[in-house]
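The values are calculated or read from the model by the stated rules, or taken from the named source; none is laboratory data. Computed from a predicted model, the values in this text were never measured in an experiment. Cβ atoms come from the backbone with ideal geometry, glycine included; neighbour counts cover every protein chain shown. Side chains included, ligands, DNA and RNA excluded: accessible areas come from the protein's heavy atoms. Shrake-Rupley method; radii C 1.70, N 1.55, O 1.52, S 1.80 Å.
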Amino acid sequence: MKETVNAPARSGTSAADRFFFAAFIVAVAALLFIGGSLATAVGVAPGPQITRAYEGGKAYYAKLFHHDNVFASDLWHPARTELQGVSINDERAHSGVTLYTSGHEPAAYLISMEGELLHKWHRPFSRVWNDSAAVKEPQPDSHVYMRKAIPDTDGNLLVVYEGAGDTPYGYGMVKLDKNSNVVWSYLQPTHHDFDVAPDGRIFVLTHEIIDEPAPELRHLRTPRLDDFLVILSPAGEELERIPLLNAVEASDYRQLLWEISSFALADPLHTNSVHVITEDDARHFTFGSPGQLLVSFREPSAIGVVDPNEQKLVWAAKGYWTGQHDPHILENGNILLFDNRGNFRKPEGRSRVIEFDPQTMQLVWQYAGTAESPLDSDIRSYSQRLRNGNTLITESNGGRILEVTTEGEIVWEFTNPVRGGPGNDRIPIICKALRLDAYIAAAFLQASLET
């Protein structure tokens, strides 16, 4: 009888089988990727959840990275010059003293026209922080700096702290005496700017992560960083809190919220300036009344006037500036501001300081640097019109303060003398500089000493 020989069983798969299986896996992955992308784009679950997880992870990674390397944060930039301290001090400069803050430490410095250090306030945030603070896990002191410091009427110094590489980056506001002791603290996430009204009330910006969609603004991302205008008493007690997103949405200028770039939808306003409109301002500036506030919204590249009583934006303007900072009203009713990104001519740099007439929107004056001394600061930066007609300019990214004439000639220049980084070739930002008359500074320091 003939035996039947059975074919041996297959112990594996053929190359063709493996190819088609791999193709199947790739196809499924592609469909999942496309489906996830579409869900994310149209806001259908789990798209928003994926986006939030990704953004949260990215922010956490950035915080950890900056936590270990402060020179990778935006507090430090490549030094553009070897100059340190005062390099120009022309007799045409407006005499006085200069108060400034630097990104390398939580301190404020008062210097003479020659660059001599007259006084220093130094208070690490770790010696301000307590359990009541909104920021529960602040960055180390090397990453927390004084964004703005101005003298108060009673001889003390008002200061806003910010933390680099954190969100929210607003850390709090304090009043310091001459010896850097805390008079009072307001440990909510204050950021960028504040101003003091004639009656002593303080108007300061704060922000908060909001995890709920705005009913009429569903194109904005959730969560997002919303700005608020907080009114403090002279003793630092919160009196009122105004949501600025609501103030814009309730106004005739609500279209500003639909003109925001897609990359800014999680931080739609990025309010970076507030100035109290005084009676003197209102005499020449017809778009605002005493007690109202001139503000700057970086992301829509707009400035406007907020009425704190109505909690509404009552005037707004967009122009030939981009990413601006520090608009304020001059004695002639014009507005002076630092235009961070609006000057695209080279080799001067992309920044400039402009003065314009808000009635006609005509450009009246500008300083845009020179080929030898470019003006270039992507963020921060300020300007101050001095009594002699010169303009004091803080070029934050360059770590530089300069005073220029109406003809654009530099008559005083100060470069941050601090250097750091592995090659000692990085310079800390100068956050804000303010020129004070010498007699005002002397009276300020004396009053602080007596208190």
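Name the residue from ALA214, HIS192, LEU176 whose Cα lies farthest towards the positive end of the charge dipole of the range 164-276, charges +1 on Cβ of Lys and Arg and -1 on Cβ of Asp and Glu.
After comparing all options, I get LEU176.
For the range 362-451, what does the alpha-carbon gyration tensor say about shape, rounded, prolate or oblate, given a ≥ b ≥ c as the root eigenvalues, a/c under 1.5 as rounded, and a/b over b/c as prolate? Let's see the in-between values first.
Numbers: a/c = 2.37, a/b = 1.14, b/c = 2.07.
Since a/c reaches 1.5 but b/c is at least a/b, the shape of the range 362-451 is classed as oblate.
Shape call for the range 272-429 from the C-alpha gyration tensor, a ≥ b ≥ c root eigenvalues: rounded (a/c under 1.5), prolate (a/b greater than b/c) or oblate? Present the calculation step by step, with values, prior to reporting the outcome.
Values: a/c = 1.98, a/b = 1.70, b/c = 1.16.
Prolate.
Roughly to the nearest percent, how much of the accessible area of the range 205-314 is carbon and sulfur, given a 1.4 Å probe? Each step should come with its number before you reach the end.
On the way: 2140 of 4720 Å².
With neighbouring chains kept in place, the figure for the range 205-314 is 45 percent.
Using DSSP to define loop residues, name the GluC sites (Glu not before Pro) in the range 375-418 whose beta-carbon has at most 10 other beta-carbon atoms within 10 Å. If you can, show how the numbers build up before the last one.
Values: sites: GLU395, GLU403, GLU407, GLU409, GLU413; in loops: GLU407, GLU409.
Within the range 375-418, the qualifying GluC sites (Glu not before Pro) (loop, at most 10 other Cβ atoms within 10 Å) are GLU407.
Straight-line reach only, C-alpha to C-alpha below 12 angstrom: list the aspartates and glutamates that LYS136 could link to, leaving out same-chain residues fewer than 8 apart.
Within the straight-line limit of under 12 Å, LYS136 reaches these aspartates and glutamates: ASP166.
Note down the nm distance, to one decimal, between modelled labels 7 Å out along Cα→Cβ at THR406 and at PHE71.
Rounded to a tenth, the inter-label distance reads 4.5 nm.
List, in order, the whole-Hz ³J(HN,Hα) value for each residue of the range 109-115 obtained from phi through the Karplus relation with A = 6.51, B = -1.76, C = 1.60 and θ = phi - 60°; use x for Gly and Pro.
10, 10, 10, 7, 5, 8, x
Round to the nearest 0.05 the FRET efficiency obtained for GLU310 and ARG241 when R0 = 22 Å and r is the Cβ-Cβ distance. If you can, show how the numbers build up before the last one.
Numbers: r = 15 Å, r/R0 = 0.69.
Working from the Cβ atoms, E equals 0.90.
How large is ³J(HN,Hα) for each residue in the range 288-301, as worked out from phi by the Karplus curve 6.51 cos²θ - 1.76 cosθ + 1.60 (θ = phi - 60°), to whole Hz, x for Gly and Pro?
For the range 288-301, the Karplus-derived couplings read x, 10, x, x, 7, 10, 8, 10, 10, 10, 5, 5, x, 6 Hz, x marking Gly and Pro.
Taking a cut-off of 17 Å between Cα atoms, list the aspartates and glutamates near LYS318, but don't count ones fewer than 8 places away on the same chain.
Result set, ordered by chain and number: GLU249, ASP252, GLU259, GLU299, ASP326, ASP339, GLU355, ASP357.
Please compare each pair in LYS120/LYS178; LYS175/LYS312; LYS148/LYS312 to a cut-off of 19 Å on the Cα-Cα distance and tell me which ones are over it.
On the way: LYS120/LYS178 9 Å; LYS175/LYS312 29 Å; LYS148/LYS312 26 Å.
Going by Cα-Cα distance, LYS175/LYS312; LYS148/LYS312 fall outside the 19 Å limit.
Rounded, prolate or oblate: pick one for the range 143-300, where a ≥ b ≥ c are the square roots of the eigenvalues of its C-alpha gyration tensor, a/c under 1.5 means rounded, and failing that, prolate if a/b is larger than b/c, else oblate. Numbers along the way, then the final one.
Working: a/c = 2.28, a/b = 1.32, b/c = 1.72.
It comes out oblate by the Cα gyration axes.
Could you give the length gained on full extension between SER262 and GLN366, defined as 0.36 nm per residue of separation minus the Cα-Cα distance, in nm? Before the final figure, lay out each step's value.
On the way: separation 104, 0.36 × 104 = 37.44 nm, distance 3.02 nm.
Between SER262 and GLN366, full extension yields an extra 34.4 nm.
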